[in-house]
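A short reminder: the numbers here are calculations on the coordinates, not readings from a lab. Computed from a prediction, not measured in an experiment: that's the story for all the values here. With ideal geometry, Cβ positions are generated from the backbone for all residues, glycine too; neighbour counts draw on all protein chains shown.
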Amino acid sequence: MKIVVMMKQVANKDAILRINKDATWIEENDLSFEVSESDGYALEEALRVREKLGGEVVVCSMGPQRVKSVIKDALARGADRAIHVVGDNLAHLSPFAAATVLADAIREEKADLVMTGLQSDDHGYGQTGVIMAELLRLPHATIVIELNAEADKLRVKRELESGWYQWYDMPLPALLTIQSGISQIRYATLKGIMAAKKKEIKEVTPSADVVGRPSHQRIEKIYLPQKMKQTQLLGNGDAKAGAAELAQKLHNEARVY
């Protein structure tokens, strides 16, 4: 089975973020980077499926040369080879444009299974994987928290709202978006790190037409929320009166019914 895993590089969770002078994104020059959390879980699931059914795992990542660190880490964990979509201005593509670029990069692989994280840790749109499925004409399942793979079909458990879950059978090929926490992520071993140096990293350049076309959406402004203290004392020390006043405010101001 051939499995392609999409992996995105994002700013480290512990990094101190500063907004750039145009207020359109964060200042990235002195940041450290890591793989988006749910993408790491997608890779782990892909490796487990390969261990069960055989085949190969191909990782695909998009961005400047610093993205190589994410790719090399994935290869060290056990991925067989990688595709790097190279470009300095690809991180801020709209979900549709990003999905188009990534779908074009992996289309010739004719993968049996494509896995992405549920959503990236930076933009968090949660749309790229779903749009890729449509562009590749693949059935898909989102928010997958459990996966049982067979040679010709999948059985997945999806997380729904209000604590509900759904089991779903689907054919191959298919695309899945993986929820964080689905499994325990393995560490790269010294043997894996050494082996990664010999594994193929194929570089591809995205179509200028796709990258340069007008975006379906744009970020107008990035800003830090202002800290404002608006404490109100209700009931003047009387608990019952305070509860009644709180109930009125919830009903009239917060529109809680």
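If you count the DSSP beta bridges with both ends in the chain, what percent of them are antiparallel, to the nearest 5? All intermediate terms of the calculation are to be shown ahead of the outcome.
Working: 16 of 42 bridges.
Of all bridge pairs located within the chain, approximately 40 percent are antiparallel.
Among Ala151, Ala239, Ala97, whose mean-square fluctuation peaks in a Gaussian network model of the chain (Cα, cutoff 10 Å)?
With Cα springs under 10 Å in the chain, the top fluctuation among Ala151, Ala239, Ala97 is at Ala239.
Figure the gain on full extension for Ala188 and Ala151 (residue separation times 0.36 nm, minus the Cα-Cα span) and round it to one decimal in nm.
Extra length from Ala188 to Ala151 when fully extended: 10.6 nm.
Test of understanding: in a Gaussian network model of the chain with alpha carbons linked when under 10 Å, which of Glu134, Glu161, Glu56 would top the mean-square fluctuation ranking?
Glu161
Over all alpha-carbon pairs of the chain, lay out the pair-distance distribution in 10 Å bins, whole %, shortest bin first.
Result, from short to long distances: 7, 27, 29, 18, 10, 7, 3, 0 percent.
Treating only the Cβ of Lys, Arg, Asp and Glu as charged (+1, +1, -1, -1), what charge dipole size does the chain show about its Cα centre? Round to the nearest 20 debye. Please list the in-between numbers first.
On the way: 34 positive and 35 negative charges, 66 e Å.
Here the size comes out at about 320 debye.
In segment 166-257, if the dipole is taken from +1 on Lys/Arg beta carbons and -1 on Asp/Glu beta carbons about the Cα centre, which of Gly181, Thr205, His216 is farthest to the positive end?
Thr205
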